[in-house]
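S.K.: Could you have a look at this structure, given as structure tokens, before my questions?
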Amino acid sequence: MNVFSGSVFVMNVDGKATFAFEAKNFSEAFELCKEDWVREDLITMTSHGAPLCSSTAKLTVRRAEEAEIVIYRDAALEAQTEDLVLAYLIDLD
């Protein structure tokens, strides 16, 4: 069973809530914005035929709202992993 030990944050791509994830604090959450693999993955993924991200998109984080926390917790419980879980808040192709 997954034990939730951090806070839930949301990654915004150019202001659009894209995925929720767990981190110990805001600083740790913000570090995800700097990870090359995050942007690379978002560039290759699509929603309704459009890439989730461009090479120049602004990535920011914020604390998740209650509905987003529920989506994240459900995804994390389903994943049954200790690895980083990204719960997408948009429809993926």
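No value in this document is a laboratory result; all are computed from the given coordinates. Owing to the predicted nature of the structure, the values given are computational and were not obtained by experimental measurement. A quick note on method: Cβ atoms are made from the backbone with ideal geometry, for glycine too, and the neighbour counts reach across all protein chains shown.
S.K.: Longest span of the chain, sites excluded, free of GluC sites (Glu not before Pro) in DSSP loop with at most 14 other C-beta atoms within 10 Å?
M.R.: On the way: sites that count: Glu35, Glu65, Glu82.
Between exposed loop sites, the widest span is 1-34.
S.K.: Apply the Karplus curve 6.51 cos²θ - 1.76 cosθ + 1.60, θ = phi - 60°, to the phi angles in segment 14-23 and return the couplings in whole Hz, x for Gly and Pro.
M.R.: Coupling constants for segment 14-23: 6, x, 9, 4, 10, 8, 10, 7, 9, 8 Hz.
S.K.: Report ³J(HN,Hα) in whole Hz for each residue of segment 52-66, in order, from the Karplus equation J = 6.51 cos²θ - 1.76 cosθ + 1.60 where θ = phi - 60°; Gly and Pro get x.
M.R.: 6, 8, 10, 5, 10, 4, 8, 9, 9, 10, 8, 5, 6, 7, 3
S.K.: Would you work out the relative contact order for segment 7-88, in percent, from Cα pairs under 8 angstrom that are 6 or more residues apart? Provide the component values of the computation, followed by the final result.
M.R.: On the way: 120 pairs, mean separation 31.9, N = 82.
Reported relative contact order: 39 percent.
S.K.: Ratio to report: Rg/Rh of segment 7-88, with Cα atoms as the point set and Rh obtained by the Kirkwood method; give two decimals.
M.R.: That ratio equals 0.95.
S.K.: On to the next question. Within the chain, what is the longest stretch that has no trypsin sites (Lys or Arg not before Pro) placed in a DSSP loop and near at most 13 other beta-carbon atoms within 10 Å?
M.R.: With a cap of 13 other Cβ atoms within 10 Å, the longest stretch comes to 59-93.
S.K.: So what's the net charge close to Glu22: Lys and Arg +1, Asp and Glu -1, counting the other residues with Cβ under 12 Å from its Cβ?
M.R.: -1
S.K.: Per DSSP H run of at least 4 residues, take -39500 (n - 2.57); add these up for the chain, divide by its residues and hand me the 222 nm value, nearest 500 deg cm²/dmol.
M.R.: Numbers: 3 runs with 29 residues, N = 93.
Helix contribution divided over all residues of the chain: -9000 deg cm²/dmol.
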